[in-house]
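Trainee: Take a look at the following structure, please.
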Amino acid sequence: MTPLLEIKDISKAFFGIKAVKDVSLTVNKGEALGLIGQNGAGKSTLMNLIGGVVQASSGTMTMNGAAYDPRSPSDAYKAGIAFIHQELNLFTNLTIAENIFIEAFPSRGVGPFKFIDRATMRQQTQTALQSVGLDLSPDMHVDRISPGERQLVEIAKALHQDASLIIFDEPTTSLTARETERLFALIQQLREQGKAIIYISHILNDVLKLSDSIAVMRDGVLVGHDATSKFDVNRMITLMVGHSIETLYPPRTAVPSRDPLLELKGVSAKGIVEDIHLTLHKGETLGLFGLMGSGRTELARILFGLDSSERGEVVINGTQLNGKSPRSSIRNQMAFVTENRREEGLLMNINIADNIALVSLPAFAQSVTQVVDQRRLVRDTQSAAGALQLKSGLITEQPAKSLSGGNQQKVVIAKWLLSRPTVFIMDEPTRGIDVGAKYEIYSIIDQLAATGSGILFISSELEELMGMCDRILVMSRGEIVGEFTREQFNQEAILRAAFREKAQTA
């Protein structure tokens with residue numbers, strides 16, 4: 001049987017570093033291939049080669065037995081390949097329908113009287129949205145929908161394209177459990193229709209559940225490729241990192257004190273959050289859990305001063321923040337690792353060092369001339385990058401956009417570490433990060449708490465909150481509806497609280 005896609009000895013180098021080294025793979029019609037590896041292992045680069053985003057330094061590819069050498073994403077689109085990126089590629093200023101038809105708009109009329117057929121666009125978009133369980137208007141602008149809904153729009157776009165090969169790069173990072181199950185059912189339907197799937201994920205149990213075969217990359221090299229039945233989680237991790245990992249979470253060294261570090265008193269914003277009271281203590285890691293739309297991220301944005309509240313107080317170290325803004329929050333030693341690193345956490349086109357120094361830039365200015373001490377900036381940013389084991393070339397030359405998703409997240413965290421805050425708001429800090437890098441970030445969170453910092457840890461992964469936090473608060477519909485101490489942690493009870501509507505305690 002001729003493979004749908006065949007890759008032979010593909011290589012690609014960036015800034016003198018080989019991101020992919022002589023990789024050979026095949027994907028057959030109706031097959032789901034799980035692709036795993038640490039951040040920087042070369043997975044996304046390999047997929048970008050298939051998707052025409054970048055071109056290979058050497059090697060060849062075929063589609064259905066014919067030579068395939070895409071020079072742009074448009075070539076991949078024409079070849080029947082859909083790529084759902086980890087970082088969504090939707091135009092937020094356009095409608096859902098316009099995004100779905102961005103490659104080719106339907107038209108009516110002839111010659112100079114040709115115009116876009118909006119009625120057909122709306123009708124077909126509605127069908128595509130229904131296929132992924134989204135009840136949204138095709139005319140709604142993308143900037144008005146949540147990250148999880150945007151992910152499902154990307155998937156609807158691929159289904160509308162009727163591609164023969166669909167690449168999913170971390171598709172569940174912004175989805176609820178219910179949306180994830182819907183996605184898995186869709187993938188099974190696609191396989192039954194003869195579509196080929198490449199599924200990239202750091203959630204190893206999902207890869208085992210969905211795939212027929214699994215390919216493992218490490219340092220740009222394919223180090224394992226076999227039937228899924230030959231794998232378990234331990235073997236997957238060992239191949240990914242080159243050695244076994246005994247535990248997913250580091251030993252706890254931080255001991256919370258009774259001293260309040262951050263206090264929210266009756267914080268409210270109409271239709272968003274209502275009467276929020278919480279206290280974060282010195283040395284504490286406080287989890288914030290809730291389903292999509294529960295108000296977790298909205299609360300974090302209000303707390304940091306990005307969005308306004310109608311009433312309530314925010315107090316840090318006994319000092320009330322008046323006229324809240326990001327600048328005043330930073331001055332009061334607060335950091336915010338946002339969920340959306342590409343749009344809100346990084347300047348993608350500038351180099352890594354300048355990104356890391358962004359928040360702390362005034363500290364590098366000489367007292368009299370205010371000229372930036374470039375030597376000290378480079379020294380300190382290199383130290384921060386090294387502490388997070390960032391995989392990159394020269395940080396003074398390499399742009400942030402060329403890094404893998406996980407390494408981009410490390411740059412965001414390094415940026416805040418350099419400013420030495422005492423309160424860290426971390427919104428999905430391990431989103432799209434492999435198991436090895438997660439352990440590193442968990443260790444950093446524990447170290448920060450051990451030095452007396454307080455961490456507000458927002459996550460949709462309940463297991464990691466239970467593994468890392470001293471307490472977990474549960475939100476639903478803009479309210480805190482439950483509180484659990486470490487001794488009370490129970491996955492079923494916390495999930496049950498997330499579905500409650502009235503504020504209750506565990």
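The values are calculated or read from the model by the stated rules, or taken from the named source; none is laboratory data. Treat the numbers as computed from the prediction; the structure is a model and nothing was measured. Cβ atoms come from the backbone with ideal geometry, glycine included; neighbour counts cover every protein chain shown.
Trainee: Looking at 150, 218, 182, can you tell me which residue is surrounded by fewer than 21 Cβ atoms within 10 Å (Cβ to Cβ) and under 23 Å from residue 37 (Cα atoms)?
Mentor: The conditions single out 218.
Trainee: State yes or no: is residue 173 under 21 Å from residue 439 (Cβ atoms), assigned by TED's automatic domain parsing to the domain that holds residue 450, in contact (Cβ under 8 Å) with a residue 40 or more places away in the chain and polar (S, T, N, Q)?
Mentor: No.
Trainee: Determine which single condition residue 1 fails, assuming it passes every other condition in (1) closer than 28 Å to residue 242 by Cα; (2) among the aliphatic types (A, V, I, L, M); (3) at pLDDT below 90.
Mentor: Only one criterion in (1) closer than 28 Å to residue 242 by Cα; (2) among the aliphatic types (A, V, I, L, M); (3) at pLDDT below 90 is unmet by residue 1, namely (1).
Trainee: Given the condition surrounded by fewer than 17 Cβ atoms within 10 Å (Cβ to Cβ), among the charged types (D, E, K, R) and in a strand (DSSP E or B), answer yes or no: does some residue in segment 202-214 qualify?
Mentor: Checked against the condition, which is being surrounded by fewer than 17 Cβ atoms within 10 Å (Cβ to Cβ), among the charged types (D, E, K, R) and in a strand (DSSP E or B), segment 202-214 yields no hits at all.
Trainee: Taking residue 491, is it in contact with a helix residue (DSSP H, G or I) (Cβ under 9 Å, 6 or more places away or on another chain), surrounded by fewer than 20 Cβ atoms within 10 Å (Cβ to Cβ) and not assigned by TED's automatic domain parsing to the domain that holds residue 48?
Mentor: Yes, satisfied.
Trainee: Provide a single number: the residues in segment 347-368 that are of a type in the set (A, V, I, L, M, F, W, C) and under 24 Å from the mean Cα position of the chain (by Cα).
Mentor: 9
Trainee: Quick check, is residue 255 touching a Gly at 6+ places or on another chain (Cβ under 9 Å), farther than 30 Å from residue 217 by Cβ and part of a strand (DSSP E or B)?
Mentor: For residue 255, the condition - touching a Gly at 6+ places or on another chain (Cβ under 9 Å), farther than 30 Å from residue 217 by Cβ and part of a strand (DSSP E or B) - is not met.
Trainee: Quick one: which residue in 453, 460 is assigned by TED's automatic domain parsing to the domain that holds residue 300 and at pLDDT 85 or above?
Mentor: From the options 453, 460, the qualifying one is 453.
Trainee: Counting just the residues of segment 369-406 that are of a type in the set (Ser, Thr, Tyr) and farther than 10 Å from residue 353 by Cα, which one comes out nearest to the chain's Cα centre (by Cα)?
Mentor: 404
Trainee: What number of residues in segment 25-49 are within 17 Å of residue 164 (Cα to Cα) and touching a helix residue (DSSP H, G or I) at 6+ places or on another chain (Cβ under 7 Å)?
Mentor: Matching residues across segment 25-49 total 3.
Trainee: I would also like to ask the following. Identify, from the list 494, 425, the residue that is at pLDDT 85 or above, assigned to a helix (DSSP H, G or I) and of a type outside the set (Lys, Arg).
Mentor: Only one candidate qualifies: 494.
Trainee: Do we find that residue 433 is part of a strand (DSSP E or B), in contact (Cβ under 8 Å) with a residue 40 or more places away in the chain and buried (at least 22 other Cβ atoms within 10 Å of the Cβ) in this structure?
Mentor: no
Trainee: Something else now. Is it the case that residue 256 is of a type outside the set (Lys, Arg), surrounded by 16 or more Cβ atoms within 10 Å (Cβ to Cβ), under 22 Å from residue 442 (Cα atoms) and touching a helix residue (DSSP H, G or I) at 6+ places or on another chain (Cβ under 6 Å)?
Mentor: So residue 256 does not fit the description; no.
Trainee: Identify all residues within segment 1-18 that are of a type in the set (S, T, N, Q) and either within 26 Å of the chain's Cα centre (by Cα) or in a strand (DSSP E or B) (or both); write none if there are none.
Mentor: Step one: filter segment 1-18 for residues of a type in the set (S, T, N, Q), giving 2, 11.
Residue satisfying the conditions is 11 alone.
Trainee: For segment 468-477, how many residues are modelled with pLDDT under 90 and either surrounded by 22 or more Cβ atoms within 10 Å (Cβ to Cβ) or at negative phi (or both)?
Mentor: 1
Trainee: Now a separate question. Going by the structure shown, is residue 231 buried (at least 21 other Cβ atoms within 10 Å of the Cβ), of a type outside the set (Val, Ile, Thr), farther than 26 Å from residue 89 by Cβ and assigned by TED's automatic domain parsing to the domain that holds residue 123? Please lay out each step first, then the result.
Mentor: Details: buried (at least 21 other Cβ atoms within 10 Å of the Cβ): yes; of a type outside the set (Val, Ile, Thr): yes; farther than 26 Å from residue 89 by Cβ: yes; assigned by TED's automatic domain parsing to the domain that holds residue 123: yes.
Criteria met by residue 231.
Trainee: Hey, another quick one. Checking the structure you have, find out if any residue of segment 122-141 is of a type in the set (Asp, Glu), free of Cβ contacts under 8 Å to residues at least 60 places away in the same chain and surrounded by 15 or more Cβ atoms within 10 Å (Cβ to Cβ).
Mentor: No: segment 122-141 contains no residue that is of a type in the set (Asp, Glu), free of Cβ contacts under 8 Å to residues at least 60 places away in the same chain and surrounded by 15 or more Cβ atoms within 10 Å (Cβ to Cβ).
Trainee: Give just the number: which of (1) surrounded by fewer than 21 Cβ atoms within 10 Å (Cβ to Cβ); (2) in a strand (DSSP E or B) does residue 287 not satisfy?
Mentor: For residue 287, the failing item is (1).
Trainee: Which one is modelled with the highest pLDDT, of the residues in segment 377-422 that are of a type in the set (D, E, K, R) and not in a helix (DSSP H, G or I)?
Mentor: Filtering segment 377-422 for residues that are of a type in the set (D, E, K, R) and not in a helix (DSSP H, G or I), the one modelled with the highest pLDDT comes out as 397.
Trainee: For residues in segment 277-305 being of a type in the set (A, V, I, L, M) and in contact with a helix residue (DSSP H, G or I) (Cβ under 6 Å, 6 or more places away or on another chain), which is farthest from residue 488 (Cα to Cα)?
Mentor: 292
Trainee: Taking the condition touching a strand residue (DSSP E or B) at 6+ places or on another chain (Cβ under 6 Å), surrounded by 21 or more Cβ atoms within 10 Å (Cβ to Cβ) and at positive phi, does residue 295 pass?
Mentor: Yes, satisfied.
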